[in-house]
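Reviewing the structure listed below.
The values are calculated or read from the model by the stated rules, or taken from the named source; none is laboratory data. Worth saying up front: this structure is predicted, and the values here are computed from it rather than measured. Cβ atoms come from the backbone with ideal geometry, glycine included; neighbour counts cover every protein chain shown.
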Amino acid sequence: MSFLFKLGICGLVLVLAYSAYLDSVVTQKFEGKKWAIPAQVYARPLELYEGRLLNPKELQAQLKRQGYQAVRTARRTGTFSRSGNTFVIYSRAFHFPDGAEMSRKAKVVFAGNEIVSLNNADGSALPLLRLDPQPVGGIYPASYEDRILIRLSQAPKYLTKALMAVEDQRFYDHWGISPTSIARAFIVNMMAGGLVQGGSTLTQQLVKNFYLTNERTLTRKINEAIMSVLLEVHYSKDEILEAYLNEVYLGQHGRRAIHGFGLASQFYFAQPLKELSLAKTALLVGIVKGPSYYNPRRFPERAMERRNLVLDVLAAEGIVSQAEVDRSKKLPSGVVTREQVNTSAYPAYIDMVKKQLREDYDEKDLTSEGLRIFTNMDPIIQRYAQKSMTETVQILETKDPALQGAMVVTSAQTGDLLAVVGDKRPGYVGFNRAIEAQRQVGSLLKPAIYLTALEQPARFTLTTPVKDSPIKVKDGKGGFWEPQNYDGKSRGEVSLQKALTHSYNQAATQTGMALGIDNVLKTMRRLGINKPLPKYPSILLGAVSLSPMDIASMYQTIASGGYQMPIRAIEAVVDAKGQPLKRYNISVKKAFEPAPVELLRNAMGQVMREGTGRRAYWSLDKNIQVAGKTGTTNDLRDSWFAGFTGNLLAVTWLGNDDNSPTSLTGSSGALRVWTKLMQQIPVSSVKSLSSNRIEYVWVKPETHKLADMTCEGAVQVPYIIGSEPREFDECTSPARAKARTFFDSVRKWFE
Amino acid sequence: MTKIIISIGFSLLLAGCAGTGQPLSSSEAVIPAEEPTSPYEGRQDALGALLNQAVKALESGELSSASSWLSRAMRVEPTDPAIYYYLAKLRMEQGNVAEARELAGRAMSLAPDQALRDKLNDFLGLSG
């Protein structure tokens, strides 16, 4: 008797100790989930002002994406009205890192694609209207997963009622476990001879979600039951229900698990949860039982049947009228295709935000809750970038179904990262080619060779003849390397400018070898390539694997006129009190003098006018000056284009993930994606850099000689002063030649 | 020989220009060291309004606010040299001379008008 008593005491102590242990585990889990409010990520706010180029259709679409309601008369914040070219927008107040922006009622008038007038609705002057920014996701800075958290009060009317009716009718009465439910489920399952009904309460399901694995052992069941009771002791029913709404597993999207009704609503319906209809709410509630079995995209009929069952339960319980249930049952599922969902999510861009959070901020600061991350993502450009990629690949993939692509768009002058495309499928989560794909870059490195040359004006100018003849050099690996031109022909001698314009391989190799590989490599690094570059001659023709983001860094330096700058996804991070977090210092650094960079930019403009990039002007306005370079690798494995306008820089890549050949050159593939983007958004011309070291001189480029402007084939070419040709082409009139010689000598005395 | 004659001629000419220019500028030039108000006061266009705010913030020493106004201005007009000039002044206030000079250099490469060019030359001269 005393032995049994002792054993009993011992057992009790053990159970208590074990419960205490489980208690700490479960409360820790719960607190972790409950308080981990994700950092909210925002796109760049839309700024409206007179002179801004914007398609009014695009403004309307963007307002809707930001949840602005289209109304007849805008009377509340968050609404707008439109009549023809005139919008009245009642903007929302918003607290930006640089201060509060108040709510305004503004009148915006368009003429074509330009805002021609912007005023407060009362007629007073308004130079600028900054709208509240579009939220583009949430990040848990610690784990870098995303979730859309909701409060219980934000749940649609029938969600919690339906959940309880279907999953746990006695939720508000039980203590975490419900013996009657278990008994009922047991009997039902016995009768059916299989698992039909679960007896788990919502609390138990929540506890189950805290575990990563899904084993079904008795120990686990017992642990879950104890933990459920413990949770109920610590927290109110509403707190548990709220955690459940945000935690429950509702689907899978590649590597990404869809947790919580907030995210699921976006994932299945591309809509915020609070806007869901009864039918859609019922569908989500139905999925809870088995997200893969009732996957509405894979098994639409099964999911619909389940939805209607949920609706019937709601009618039977008297929660919703029979008439409304009957009407809802007739509705289609409303599930959107993956593509549609994904246009509202920007995982490729968010990847870059996470990367820069890790690199530029102190990890300690990121653990505080309620952070707000302001990014440079331009929601309109991001959408067009993805659209240009998706649509172009759709045309090209008839020949090559596995064809993939990536794109990076930045602001040409500042390095702000405006858009990232990591896959041909919009919103696809997984391999992000813009950052992760390492591909041979081909001719994209040629500008580095010619920039090295142009920095030596005494030896090289744009019209200096360079050799385009067969060359055989030691490959640095014990053999020899003999590059060929794309068309197999050698042209003997061509001007440096023409060598770049037509991307002649032999001319690039000859020039690069003459300059010395070390010097060219140095230029590549100064341009902003931080990856290791092999010191083999073949690097001159791009035999190195880099990502589209690496190429964007390099071309950013050229687009900005010689300034190396980091590509920035994050504009600012502020804490819950609105204080900006400290960021590791990043700075813009002058890497090149403007004069040689201007010459290179001029030649890259020629690439677009008459060289390998000329295809762009099939669809771009001829008056817009753009600059760029194509890249094609061996056997057409990679199709690249990197180019810029006055305001935008974009790098595009197309290829197969398994590195098999495509049938595309840089011009027939990647350039088409680039052009498609640039023709859909307002672009400005590349402006020449002004430098007192540059002068424009009339020459005949083929002969590298001075010419009269009346000479046939004469053009104005920029030269670094003092490096222009001395000799006169035979077409030049002797008098002019003499006059010029005289002025030249006068000037020389004063230098 | 011709060289020498011509160069002397030029030198005289230059000296002459300078000579006649001097009295004029000295009578007119009461140039204050700091411009008292923003040259963008009252501007109703987006760039002007943002620069006006930036200049005011800069003058009253609110550097982080000035920086925000200038970044917004840069988004509106990324190649306006005046923005880079004020950014240069901002960096100078923050004690970052090297970056200030680079920004002024960048402003110079963006085709500033004569007035701004003069300011930039002064700035580069002072910071040199």
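Things worth noting here:
- Candidates A:VAL409, A:VAL393, A:VAL429 - the one that is closer than 22 Å to A:MET565 by Cβ and either buried (at least 21 other Cβ atoms within 10 Å of the Cβ) or touching a residue at least 40 places away in the same chain (Cβ under 8 Å) (or both): A:VAL409
- Only one of the numbered conditions (1) farther than 20 Å from A:SER124 by Cβ; (2) surrounded by fewer than 20 Cβ atoms within 10 Å (Cβ to Cβ) is not met by A:ARG75, and that is (1).
- If only residues of region B:56-79 that are of a type in the set (D, E, K, R) and more than 9 Å from chain A (Cβ to nearest Cβ) are counted, the one that is nearest to B:TYR40 (Cα to Cα) is B:LYS56.
- In summary, strands (runs of 3 or more DSSP E) completely within region A:360-444 and bearing 2 or more residues that are more than 14 Å from every other protein chain (Cβ to nearest Cβ), within 26 Å of A:ALA257 (Cβ to Cβ) and touching a helix residue (DSSP H, G or I) at 6+ places or on another chain (Cβ under 7 Å) occur at A:404-411, A:417-421.
- Verdict on B:LEU14 being on the phi < 0 side of the Ramachandran plot and either at pLDDT 85 or above or more than 12 Å from every other protein chain (Cβ to nearest Cβ) (or both): no
- Test: residue in region A:560-574 that is within 14 Å of chain B (Cβ to nearest Cβ), under 21 Å from the mean Cα position of the chain (by Cα), more than 30 Å from A:GLY479 (Cα to Cα) and among the hydroxyl-bearing types (Ser, Thr, Tyr): no
- Any hit, region A:588-601, residues being basic (Lys, Arg) and assigned to a helix (DSSP H, G or I): yes
- If you go through region A:29-52 and keep only what is small (Gly, Ala, Ser), within 26 Å of A:LYS354 (Cβ to Cβ) and modelled with pLDDT of 90 or more, you end up with just A:ALA43.
- Members of region B:100-112 found to be more than 9 Å from chain A (Cβ to nearest Cβ) and without any contact (Cβ under 8 Å) to a residue 24 or more places away in the chain, listed by number: B:ALA104
- Test: residue in region A:507-524 that is within 27 Å of A:SER411 (Cβ to Cβ) and among the hydroxyl-bearing types (Ser, Thr, Tyr): yes
- Condition broken by A:LEU118, with the remaining ones in (1) of a type outside the set (Gly, Ala, Ser); (2) buried (at least 19 other Cβ atoms within 10 Å of the Cβ); (3) over 30 Å from the mean Cα position of the chain (by Cα); (4) more than 14 Å from chain B (Cβ to nearest Cβ) satisfied: (4)
- Filter result for the condition that a residue is surrounded by 12 or more Cβ atoms within 10 Å (Cβ to Cβ), in a helix (DSSP H, G or I) and either of a type in the set (D, E, K, R) or at pLDDT 80 or above (or both), over A:LEU22, A:LEU16, A:LEU12: A:LEU22
- Residues of region A:78-92 that are surrounded by 14 or more Cβ atoms within 10 Å (Cβ to Cβ) and either within 14 Å of chain B (Cβ to nearest Cβ) or out of contact with any strand residue (DSSP E or B) (no Cβ under 8 Å at 6 or more places or on another chain) (or both): A:ARG92 alone.
- Hits in region A:464-481 (condition: more than 40 Å from the chain's Cα centre (by Cα) and part of a loop (DSSP other than H, G, I, E, B)): A:THR464, A:SER469, A:PRO470, A:ILE471, A:LYS472, A:GLY478, A:GLY479
- Among the residues listed as A:SER503, A:SER545, A:SER587, the single one being small (Gly, Ala, Ser), more than 26 Å from A:PRO457 (Cα to Cα) and in contact with a helix residue (DSSP H, G or I) (Cβ under 7 Å, 6 or more places away or on another chain): A:SER587
- Going through (1) part of a loop (DSSP other than H, G, I, E, B); (2) modelled with pLDDT under 90; (3) not assigned by TED's automatic domain parsing to the domain that holds A:LEU276 one by one, A:VAL336 falls short only on (3).
- Scanning region A:116-163 for residues that are modelled with pLDDT of 90 or more, among the aliphatic types (A, V, I, L, M) and either out of contact with any Gly (no Cβ under 9 Å at 6 or more places or on another chain) or farther than 30 Å from A:ALA74 by Cα (or both) returns A:LEU118, A:ALA121, A:ALA125, A:LEU126, A:LEU128, A:LEU129, A:LEU131, A:LEU159, A:ALA162, A:LEU163.
- Scanning region A:482-502 for residues that are small (Gly, Ala, Ser) and in a helix (DSSP H, G or I) yields a single hit, A:ALA499.
- Qualifying residue in region B:115-125 (condition: without any contact (Cβ under 8 Å) to a residue 60 or more places away in the chain, at the interface with chain A (Cβ under 9 Å from one of its Cβ atoms), over 18 Å from A:LEU689 (Cβ atoms) and not polar (S, T, N, Q)): no
- Here the condition is being touching a residue at least 40 places away in the same chain (Cβ under 8 Å) and surrounded by fewer than 22 Cβ atoms within 10 Å (Cβ to Cβ); of A:ARG297, A:ARG302, it holds for A:ARG297 alone.
- Members of region A:522-533 that are touching a residue at least 40 places away in the same chain (Cβ under 8 Å), of a type in the set (A, V, I, L, M) and more than 16 Å from A:ILE567 (Cβ to Cβ): A:MET524
- Among the residues listed as A:SER667, A:SER684, the single one being in contact with a Lys or Arg (Cβ under 8 Å, 6 or more places away or on another chain), farther than 30 Å from A:GLU727 by Cα and either within 14 Å of another protein chain (Cβ to nearest Cβ) or among the small types (Gly, Ala, Ser) (or both): A:SER667
- Of the criteria (1) assigned to a strand (DSSP E or B); (2) touching a strand residue (DSSP E or B) at 6+ places or on another chain (Cβ under 6 Å); (3) within 14 Å of chain B (Cβ to nearest Cβ), which one A:HIS95 fails: (2)
This table checks each residue for (1) crowded, with 21+ Cβ neighbours inside 10 Å; (2) within 14 Å of chain B (Cβ to nearest Cβ); (3) free of Cβ contacts under 8 Å to residues at least 12 places away in the same chain.
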residue	(1), (2), (3)
A:LYS535	no, no, no
A:LEU540	yes, no, no
A:GLN579	no, yes, yes
A:GLY613	yes, no, no
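- Number of the exception - B:ALA33 against (1) surrounded by 11 or more Cβ atoms within 10 Å (Cβ to Cβ); (2) more than 14 Å from chain A (Cβ to nearest Cβ); (3) at pLDDT below 90: (1)
- Any hit, region A:690-713, residues being touching a strand residue (DSSP E or B) at 6+ places or on another chain (Cβ under 9 Å) and at positive phi: yes
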